[in-house]
Amino acid sequence: MYADLSCSGARLTKEQVLIGIYGGTFDPIHYGHLRVAEELADTIRFDQFFFVPAGEPRLRDSPGAAKYHRAQMVSLSIKNNTRFFLDEREINRPGVSTTVASLKEYHAEYDGRAILCFVMGADTFLKIHYWHCWQELFQLCHLIIVERPGSIQVVNRSDLPQKIQIECASRWTSDPCDLIRQYSGMIYIAQTALLDISATQIRNLIAAGRSIRYLLPDITVDYIKTHDLYSGENEFR
Ligand code: ATP
């Protein structure tokens, strides 16, 4: 928890829990995701931090690897990290899944005691107004935005789509303590490592027969090889 950060006047009650949620296709998970999560877990000291692979993503092509494999790759990549957990709720939910539905489930499971922080890259945030019931997100969670090489800088808010600028005008904070001062609705831009790694790049390298070493954990590279993921013409997207 925030016990060792000096958040004057802000403290979780004994019952409250601070939960980090990192949603994504994870097709496959890579060091860009993992390093960001590690740095956030270090600074923000979540009680729990979940990786939540999407089942059938609503706003993009079907993933290159089946959901079972994507979840397995997350599981292998985080297996030696005691702070990280895989949450398969979206993988197991039939049909297209939404973040709003998952966040509501978390609140029900924690009996209203959870403060939820949903992590996303700047590229994802730029399209958030296309998400199902996107404005409802701010009643359910805080957002933690991480900058990403190649994407516009979220700190330059005037570059954001106007709908997002209007909705978010009063939500920005550079103080992580606001994530516990408020129950939801804040947007914190975190300063984390800028690693120019993407799942698309990894899939492209595999398709081209090139090495993907050092872009993701060795154990996950081995899993991809063993299961011959992303090499088939139709599989690759
Ligand atoms: P793809 O290339 O297939 O679009 P991706 O690398 O963006 O995949 P996702 O699983 O789609 O990976 O991303 C999940 C979340 O992680 C998104 O919010 C995305 O912005 C963020 N993210 C992905 N890669 C990075 C990175 N290198 N640095 C920071 N954030 C990242």
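The values are calculated or read from the model by the stated rules, or taken from the named source; none is laboratory data. Note that the coordinates shown come from a computational prediction; the quantities given were computed from them, not determined experimentally. FYI the Cβ positions are ideal-geometry reconstructions off the backbone, even for glycines, and counts take in every protein chain you see.
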Which listed residue is part of a helix (DSSP H, G or I) and within 16 Å of the ligand (Cβ to nearest atom), from Ile164, Ile180, Ile212, Ile189 = Ile164
Has segment 49-65 got any residue that is of a type in the set (S, T, N, Q), modelled with pLDDT under 95 and within 13 Å of the ligand (Cβ to nearest atom)?
-> yes
Segment 146-168, residues that are over 18 Å from the mean Cα position of the chain (by Cα) and polar (S, T, N, Q) | Asn156, Ser158, Gln162, Gln165
Quick one: in segment 182-218, of everything that is β-branched (Val, Ile, Thr) and closer than 30 Å to Leu12 by Cα, which residue is surrounded by the fewest Cβ atoms within 10 Å (Cβ to Cβ)?
-> Ile189
Could you list, in sequence order, all residues of segment 88-109 that are in contact with a Pro (Cβ under 9 Å, 6 or more places away or on another chain), without any contact (Cβ under 8 Å) to a residue 40 or more places away in the chain and charged (D, E, K, R)?
-> Glu88
Matching residues in segment 45-54 - criterion: being surrounded by 22 or more Cβ atoms within 10 Å (Cβ to Cβ) and touching a residue at least 40 places away in the same chain (Cβ under 8 Å) | Phe46, Val52, Ala54
Hey, among the residues in segment 1-46 that are touching a Leu at 6+ places or on another chain (Cβ under 8 Å) and either at pLDDT below 85 or part of a strand (DSSP E or B) (or both), which one's farthest from Gln191 (Cα to Cα)?
-> Leu12
Picking from Ala207, Ala199, the residue that is more than 18 Å from the chain's Cα centre (by Cα) and within 16 Å of the ligand (Cβ to nearest atom) would be Ala207
Lone qualifier among Ile224, Ile187, Ile180, Ile166 - being of a type outside the set (S, T, N, Q) and over 24 Å from Glu136 (Cα atoms) | Ile224
Candidates Leu103, Leu143, filtered to the one that is farther than 17 Å from Lys163 by Cβ, aliphatic (A, V, I, L, M) and either under 15 Å from the mean Cα position of the chain (by Cα) or surrounded by 16 or more Cβ atoms within 10 Å (Cβ to Cβ) (or both) | Leu103
Could you please find all residues in segment 138-161 being at pLDDT 95 or above and in a helix (DSSP H, G or I)?
-> Phe138, Gln139, Leu140
Tally, over segment 118-133, of residues that are over 23 Å from Arg181 (Cβ atoms) and either hydrophobic (A, V, I, L, M, F, W, C) or surrounded by 14 or more Cβ atoms within 10 Å (Cβ to Cβ) (or both) | 10
Among the residues of segment 141-157, is there at least one that is touching a helix residue (DSSP H, G or I) at 6+ places or on another chain (Cβ under 7 Å), without any contact (Cβ under 8 Å) to a residue 60 or more places away in the chain and of a type in the set (Lys, Arg)?
-> yes
